[in-house]
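Engineer: One structure, pasted below without further comment.
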Amino acid sequence: MKRSSRRTFLQALGGSAFALPLVNMLADSVAQAEGENLPMKFVGMYHPHGVASEYWAMRDTDTETEFDIAYDGCSLSPFDDAATYGKSFKDKILLIEGIDLTSRAGGHESAGAILTGSKISGTPLNMSLDQYLAFEMGLGAETRLASASLGVGMAQTETGRTISFGAGGVPLPKIIDPVQAFDLFFAGFALGDDPEAEARAARQRALGKSVIDLINGDINRLNPKLAAREKLKLDQHLTSIRELEKQFQEPTLSAACSVPVPPDPSLFPSIAAFNGGEPFFPVITELMTDMLAQAMACDLTRFATVFLTDRSDSQDHAIAHQYSASAAGLMNSPDAGPGSPGSWASLAAINLYNYKQIARFMQKLDEFGILDSTLIYATSDMGNPAEHRTTNVPTLLAGGASGRFRMGRRLRMAQDCPDDVYRCDPSEPSAGGNFLSPTPQNKILVSIAQAFGAEIEAYGTQDDGSDQGTLDGLV
Amino acid sequence: MARTTMVCLQMLRSIRSAFILPALAAISCSSPRLSGEQVGEDPGASTDPGGLSPVVLPGGTSSVSLLPARIRRLTNAEYNRSVQALLGTTQTPGEGFPPDTRQHGYTTNEAQVVDPVLARQLDSAAVSLADEAVTRLDEVAPCADPAAGAEACAQAFIDVFAPRAYRRSITEEERAALLALYQSGATGGTYAEGVHQLIRGILQSPNFLYLTEIGSGEQVANIQLAEHEIASQLAYLLTGGPPDEELLASANAGELGNADKRMEHARRLLATDAGKMRAVQLVQEWLGIDRVSETGKDNTVYPEYDALQSAIEQESIDFIQATLMNGGNVEELLGAPWSIVSPELAAFYGVAGEGRVDLPERIGLLNQAAFLTVHSHAVETGPILRGVALMRRLGCIEIELPTFLNVDIVPPAQDPTKTTRERFSIHSTDQACAACHDLIDPLGFSFEQFNAMGGFQSEDNGKPVDSTVEVALGLDFDGPYSNSNELAAAMALSSEVRTCFARQLFRAQAAERDIPEASEATFIETVNAQPIDQQKALIEILVSFTGQELFSYRTAQ
């Protein structure tokens, strides 16, 4: 196997498991030089508050392939900032305007629609794309973790506070504690070549497996006494136990993969939103995305979601609520309109904060040599936050996507609801003009699923067919 | 869309005129066909699942009323109480678990599963609890001679610990599996390591994590719960923790099939500290006010919120506790012109003193800061959130989300020249929205004299606030009110709110998403057959439930 040659190379280098990212960079450059196809990875990312389109949308001078995102105040500038992030990622992003979330619900609840493509009825009605790829398609079966859900600040699993959902739209929890995230990915790896440590680790794995045996046995003994619905609960439990069991298997890629230093909890004395965690969100976000990049480089998981949060109990809410859009900043509207430039810059600064986190994540993936085989889909639950609009959400595809999508571009979908229309009713396209041609995020989900090899033509739960079809222009 | 307006009102009226509100019938403002398909249940599904005919139990309850035989995972709080009772630990690992899934707002429910994240955390928690336990090995799993008699000691430990953890006696097969688990630790290790493995495994066993309500496991129309299952139901539903010695003794003596005995235990359990805290939790979850700690405010608009957050939560806990002296009477919960406040909260409320103070301008739980804070946005009041909470939680009127209007839901844009009420009034100008919002909004607007963290506000965006409303739900508290205090006082005396309170307590205890309509009807009939004072009292309603056959019987799904 090609993978073994990478290990051989590392052993030849004499690199210990604690060796540096440099080792990985070498390893992956070797892997790529050999033409090894790295498995494709998917990361769904959420950021709050919508977007100040004045500092985000395409400008008059921009074209699909020639565009400026480095101008003063542009919230997308981290993607073209080689001084900070080592290189420009302009050729690794694909920005799409005019995508509408088909939640049929309010702005905040629409986070649940992003990866499910489902209308929201309390919860979405089907599983999210990360879970579909990892479990339904089985692409996560080989890795230590089929998928991982990380978050910053918000442990809650209400529809608006998570983007990962299991079968039937059951919200999945996310990990917000960096220490837990470290354990999730890296616990159980023997450190170094110490035979005693290796023996201890082997013993721990055996003990863990015995516990698994008991749980499995007890589940199987209980199962026959139960009705079908109850058996489903135990089926879910068994699936979870199979995931847990992977923790007790010998980590096979330890030689090619460096275990990072565990996070220092003194860096984040509080982690929860509304409970003192806000000042530590930047460091928590960096730790989380660093560990995720490392875990993906180690091929411990290929599917993840990251729920970003900013200072959401402080002034950010006020800024988002007071955002006053100009017509000029809205898609396909060249004329200057009402709105307050002061609010555009404040909201753009918040957007900038979140895009910095994503750019930094891309930088890490790139250093590990896996950016080209990763696809990031990052968006928000709303477009214009003052109105909590679920139309025109800021849509970013990033990474090399294993060449499946053509990156380095900006796309604009057709205009749909004008901003001064209070309620945009798809069943009455004639009301107020020919403005309705929504481009649902479902099409992105179908395109991504196909990029991962799924033979599907629809994704999500919609009544009006908006879950059908791919998004033109991606491939 | 015009048709929807009338549909909503007609449906509401027709449902109102029925003897009781269907348990989960949704009032659909847009698409009535969905009410049966989406949230109601197929009447056939729960009454006649496997060709079973309805059976009438000795007490007169028909099997069609019974809740389904099922398993239910412990909530995070129940997990904590359970491991504390088992191991004498003070650890609270459940606080770090993913938050409980909720049904009808209640954490106690059958929808909780073990997902991959929780599975890992359960293992970590079990390891940490076992680590602590084996430091007290002499107390937890004493063994006089571990060198020679370790296995005998392990067997003795299994025979004591596993039945307590599983809340029932264990089978030979289970005993053998546990012995094998012990050996996995003790072989090549020590007695302590074997015990460590046992604790780690038992705390992750489905027998510990799920409460069973399956009786003998037979699929028949009426299934009597086993004595140990009834003991667990009583203990977890009424105290949030495992059965105590007295309950176990009753179960072992086979007494819990007897309704009087169950009610006697219920009354006893509800008088304990744990029982009182469970009652507080029920009221909190009923109104959603257990979520103060998860509720944030924009600190540029409400700079005083962070410092008062815990005082706001504590007020409702102390107030509810105090009402339990009178049985947790809904009239007092909603209508008391007093509360129990910290000095800081008293200052915020603008009253002198602390502890129990008169608050004639804050009638009952609805006008206390916790309810007002949770049902608000971060920067402004939430008239819709407040109104919907009143409709659903106190009126027992299920209104659908606007999801099925199939429109983009856009809240009214910020406008510095308008009050929140003026902005939200746009609902009544749009026919599709007005169908439901004409019902919801007056309830919510009545609270406009309270800001998003429950402080008084006389102005909103520089204009005087308007809390006058005309409630027109078709319920017995319809009418004009000058503000939410008047409204709360009327709701406190409403017989329909009283019945809804009992319904809500039943839903919290029934722990089922699609509660069979007949089940809630049976429950309410029994409650309403009691003297009026008992119909109002939380304690009496819960006790009544334990005496019903609904409590001790299940039916095949």
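Engineer: As I understand it, the dipole of the range A:190-250 uses +1 on the Cβ of Lys and Arg and -1 on the Cβ of Asp and Glu, about the Cα centre. Which of A:Ala202, A:Ile219, A:Gln249 lies farthest toward its positive end?
Structural biologist: A:Ile219
Engineer: Does the protein assembly as shown classify as rounded, prolate or oblate by the C-alpha gyration tensor (a ≥ b ≥ c root eigenvalues; a/c under 1.5 gives rounded; else a/b over b/c gives prolate, otherwise oblate)?
Structural biologist: Taking the square roots of the gyration eigenvalues as a ≥ b ≥ c, the protein assembly as shown is oblate.
Engineer: Among B:Val351, A:Pro48, A:Gly122, whose Cα lies farthest out toward the positive end of the dipole of the protein assembly as shown, if unit charges sit on the beta carbon of Lys, Arg (+1) and Asp, Glu (-1)?
Structural biologist: About the Cα centre, the residue reaching furthest to the positive side is A:Gly122.
Engineer: Assign one of three labels to the range A:190-250, namely rounded, prolate or oblate, based on the Cα gyration tensor with a ≥ b ≥ c the square roots of its eigenvalues; rounded applies when a/c is under 1.5, prolate when it is not and a/b is larger than b/c, and oblate otherwise.
Structural biologist: prolate
Engineer: As an exercise, take the mean of 1/r over every pair of distinct alpha carbons in the range A:54-207, invert it, and state the Kirkwood radius in angstroms.
Structural biologist: Value: 19.2 Å, from the Cα pair sum.
Engineer: Taking amide H positions as placed in the peptide plane 1.01 Å from N, state which residues far from B:Asp460 in sequence (5 or more) or on other chains have amide H under 5 Å from it.
Structural biologist: Those qualifying (amide H under 5 Å, at least 5 residues apart or on another chain) are B:Val465.
Engineer: Shielding by partners for B:201-208, please: the mean number of other protein chain Cβ atoms within 10 Å of each residue's Cβ. If you can, show how the numbers build up before the last one.
Structural biologist: Details: counts 9, 3, 1, 8, 8, 14, 5, 1.
Other-chain Cβ atoms within 10 Å of each residue's Cβ, averaged: 6.
Engineer: Under the definition of partner shielding as Cβ atoms of other protein chains within 10 Å of a residue Cβ, what is the mean value for peptide A:131-137?
Structural biologist: Shielding by partners across A:131-137 averages 0.
Engineer: Moving on to the next point. Under a 5 Å amide H to amide H cut-off, with H placed in plane at 1.01 Å, what residues pair with B:Val301 once short-range neighbours are removed?
Structural biologist: Residues meeting the amide H criterion: none.
Engineer: Still on this structure, please answer the following. Antiparallel DSSP bridges in the protein assembly as shown: what percent, to the nearest 5?
Structural biologist: Here the antiparallel bridges make up roughly 55 percent for the protein assembly as shown.
Engineer: Estimate the FRET efficiency between B:Glu422 and B:Arg356 by the formula 1/(1 + (r/R0)^6), using the beta-carbon distance for r and 22 Å for R0, to the nearest 0.05.
Structural biologist: Using R0 = 22 Å, I get an efficiency of 0.05.
Engineer: In peptide A:239-248, how many Cβ atoms from other protein chains are near each Cβ within 10 Å, on average? All intermediate terms of the calculation are to be shown ahead of the outcome.
Structural biologist: Details: counts 5, 9, 7, 2, 5, 8, 1, 1, 3, 1.
Average neighbour count from other chains, rounded to a whole number: 4.
Engineer: For chains B and A, what's the summed buried accessible area, probe 1.4 Å, to the nearest 100 square angstrom? Please report the intermediate quantities before stating the final value.
Structural biologist: Details: alone 22830 and 20100 Å², together 36710 Å².
The buried area between B and A, both sides summed, comes to about 6200 Å².
Engineer: Want the number for B:Asp273 to B:Ser128: 0.36 nm per residue separation, take away the alpha-carbon distance, what's left?
Structural biologist: Length gained between B:Asp273 and B:Ser128: 49.5 nm.
Engineer: Something else about it: Of the listed pairs B:Lys463/B:Lys536; A:Lys246/A:Lys443; A:Lys87/A:Lys119; B:Lys297/B:Lys463, which have alpha-carbon separations greater than 29 Å here?
Structural biologist: Among B:Lys463/B:Lys536; A:Lys246/A:Lys443; A:Lys87/A:Lys119; B:Lys297/B:Lys463, the Cα-Cα distance tops 29 Å for B:Lys463/B:Lys536; A:Lys246/A:Lys443; A:Lys87/A:Lys119.
Engineer: Can you give me the % of accessible surface on the range B:223-290 that is carbon or sulfur? Probe 1.4 Å, all protein chains present, nothing else counted.
Structural biologist: 50 percent
Engineer: Are there DSSP H segments in chain B that both extend 18 Å or more along their axis (alpha-carbon positions) and score a mean Kyte-Doolittle hydropathy of at least -0.5? List them, or say none.
Structural biologist: What comes out of the filter, once short or polar helices are dropped, is B:2-17, B:116-134, B:146-166, B:172-186, B:273-287, B:305-323, B:431-445, B:495-510.
Engineer: Give me the distance in nm between label points sitting 7 Å out from Cα along the Cα-to-Cβ direction at B:Ala347 and A:Val179, one decimal.
Structural biologist: 3.5 nm
Engineer: Working out 0.36 nm times the residue gap between B:Glu264 and B:Val55, then minus their Cα-Cα distance, what length gain in nm do you get to one decimal?
Structural biologist: Length gained between B:Glu264 and B:Val55: 72.5 nm.
Engineer: Tell me the Rg and the Dmax, in Å, that the Cα atoms of the range B:161-274 produce.
Structural biologist: 16.6, 53
Engineer: Hey, can you grab everything whose amide H is under 5 Å from the amide H of A:Ala458? Only 5+ residues off in sequence or another chain; H modelled, so Pro and N-termini drop out.
Structural biologist: The list, which skips near neighbours in sequence, is A:Gly469.
Engineer: Please report Rg over Rh for the range B:74-210, where both radii come from the alpha carbon positions and Rh follows the Kirkwood definition.
Structural biologist: 1.00
Engineer: List the residues of the range B:527-550 whose backbone N lies under 12 Å from a point placed 7 Å from the Cα of B:Ser495 along the Cα-to-Cβ direction.
Structural biologist: The answer is B:528-529, B:532, whose backbone nitrogens lie closer than 12 Å to the label point.
Engineer: Please give the charge dipole size of the protein assembly as shown, origin at the Cα centre, charges +1 on K and R Cβ atoms and -1 on D and E Cβ atoms. Round to the nearest 20 debye.
Structural biologist: In debye, rounded to 20, the protein assembly as shown gives about 1440.
Engineer: Let me ask something else about it. Which of B:Ile202, B:Ile170, B:Ala226 sits farthest toward the positive end of the charge dipole of the range B:164-229, with +1 on the Cβ of Lys and Arg and -1 on the Cβ of Asp and Glu?
Structural biologist: Looking along the dipole axis, the top candidate is B:Ile202.
Engineer: Hey, can you find the accessible area per residue of the protein assembly as shown for me, probe 1.4 Å, expressed in square angstrom?
Structural biologist: Here the per-residue accessible area is 36 Å².
Engineer: Of all beta bridges DSSP finds with both residues in chain B, what is the antiparallel percent, to the nearest 5?
Structural biologist: 85 percent
Engineer: While we're looking at this one, here's another question. Please identify which residues in the range A:162-181 have an amide N closer than 16 Å to a label point set 7 Å out from the Cα of B:Ala111, following the Cα→Cβ vector.
Structural biologist: Only A:162-173 fall inside the zone, counting backbone N under 16 Å.
Engineer: Give the Cα extents of the range B:409-530 along the principal axes, in whole Å, largest first.
Structural biologist: Principal extents (largest minus smallest coordinate, Cα): 53, 31, 26 Å.
Engineer: While we're here: Taking chain B on its own, what percent of its Cα-Cα pair distances exceed 32 Å?
Structural biologist: Every Cα pair in chain B considered, those over 32 Å come to 50 percent.
Engineer: Treat the range A:31-99 as a sphere of radius equal to its Kirkwood radius over Cα pairs and apply Stokes-Einstein at 25 °C in a medium of 0.890 mPa s; give the translational diffusion coefficient in µm²/s, rounded to a whole number.
Structural biologist: In µm²/s, the coefficient is 169.
Engineer: Here is a further query. Rg over Rh of the range B:280-410, using C-alpha atoms and the Kirkwood radius, what does it come to?
Structural biologist: Result for the range B:280-410 is an Rg/Rh of 1.00.
Engineer: Any residues in the range B:261-294 that have 10 Å² or more less accessible area with all protein chains than in their chain alone, probe 1.4 Å, and which are they?
Structural biologist: Hits at the 10 Å² cut-off: B:Arg291, B:Ser293, B:Glu294.
Engineer: Still on this structure: Using a 1.4 angstrom probe and counting only protein chains, how large is the accessible area of A:Met288 in Å², to 10?
Structural biologist: Number for this one is 0 Å².
Engineer: Give the separation of the Cα centroids, the range B:488-532 to the range B:317-387, in Å.
Structural biologist: Taking the Cα centre of each part, the range B:488-532 and the range B:317-387 sit 23 Å apart.
Engineer: If the convex hull of the alpha-carbon atoms of the range B:290-495 is projected onto planes in all directions, what is the mean projected area in square nanometres?
Structural biologist: Reported value for the Cα convex hull: 11.6 nm².
The values are calculated or read from the model by the stated rules, or taken from the named source; none is laboratory data. Remember, it's a predicted structure, so these values are computed and weren't measured experimentally. Note that we place each Cβ from the backbone using ideal geometry, even for glycine, and neighbour counts take in every protein chain shown. Accessible surface is based on the protein model in full, side chains and every heavy atom, while ligands, DNA and RNA are left aside. Shrake-Rupley method; radii C 1.70, N 1.55, O 1.52, S 1.80 Å.
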